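Reading through the structure tokens given below for one structure.
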Amino acid sequence: MITIEDLKKKQSETSRLIGLDLGSKRIGVSICDEKQSIATPFKTINKTNTSELIDELKKLIEEYNIKGIVIGNPINMDGTLGRSSQSVNDVSNNIDKAIDIDVCLWDERLSTVGAFNLSSQLDVNVSKREKNIDQNAAAFILQGAIDFLNN
């Protein structure tokens with residue numbers, strides 16, 4: 001795995017990235033455009049096991065010409081790494097070993113809250129908000145990362 005700073009050095013100006021919000025039951029997926037200007041919620045994958053997730057990611061990477069993966073790291077509000085962060089690190093390391101593109105972690109504190117609040121400001125009804133929260137959180141994570149990469 002590489003750092004976001006290393007990803008910034010390695011990425012070309014025209015390469016698509018995937019953002020992942022790894023939850024215990026569902027995984028939110030987002031994809032950005034080739035110019036890395038906007039992240040779009042893409043889909044939600046029901047979590048079964050890591051090998052199925054890796055197979056799904058390989059298909060997306062091939063189909064959409066993805067050059068990097070940004071995975072939300074649920075760091076505690078005080079900056080410490082908790083159980084969720086360790087779980088994300090373990091899955092991220094497995095993805096990194098199995099897939100031959102750059103993988104990095106991005107501090108995702110408040111991404112789910114931010115995605116939920118943003119959708120409420122857009123007047124999206126609650127059931128639709130909850131249905132799409134994982135992919136919206138993934139887009140929130142990826143947008144934060146690409147904003148960092150572009151500055």
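The values are calculated or read from the model by the stated rules, or taken from the named source; none is laboratory data. As the structure is a prediction and not an experimental result, all values here were calculated from the model. As a convention, Cβ positions derive from the backbone with ideal geometry for all residues, glycine included, and neighbour counts pool all protein chains shown.
Assorted remarks:
- Among the residues of the stretch 32-46, the one identified as crowded, with 16+ Cβ neighbours inside 10 Å and free of Cβ contacts under 8 Å to residues at least 60 places away in the same chain is Ile45.
- Only one of the listed residues (Gly114, Gly82) is modelled with pLDDT under 85 and over 26 Å from Arg16 (Cβ atoms). That residue is Gly82.
- Selected residue (criterion: nearest to Ser92 (Cα to Cα)) from residues of the stretch 1-31 that are in contact (Cβ under 8 Å) with a residue 40 or more places away in the chain and basic (Lys, Arg): Arg26
- Residue match in the stretch 126-133 (condition: surrounded by fewer than 17 Cβ atoms within 10 Å (Cβ to Cβ), at pLDDT below 90, touching a Phe, Trp or Tyr at 6+ places or on another chain (Cβ under 9 Å) and in a helix (DSSP H, G or I)): yes
- Any chance Asn93 is polar (S, T, N, Q), assigned to a loop (DSSP other than H, G, I, E, B) and at pLDDT 55 or above: no
- Residue, nearest to Thr48 (Cα to Cα), within the stretch 9-24, restricted to residues that are of a type in the set (Gly, Ala, Ser), buried (at least 17 other Cβ atoms within 10 Å of the Cβ) and modelled with pLDDT under 95: Gly23
- If you check Ile27, Ile2 for being among the aliphatic types (A, V, I, L, M) and surrounded by 22 or more Cβ atoms within 10 Å (Cβ to Cβ), only one passes: Ile27.
- Filter result for Leu7 (aliphatic (A, V, I, L, M) and part of a strand (DSSP E or B)): no
- Within the stretch 47-59, the set of residues being part of a loop (DSSP other than H, G, I, E, B) and either among the small types (Gly, Ala, Ser) or surrounded by 12 or more Cβ atoms within 10 Å (Cβ to Cβ) (or both) comprises Lys47 only.
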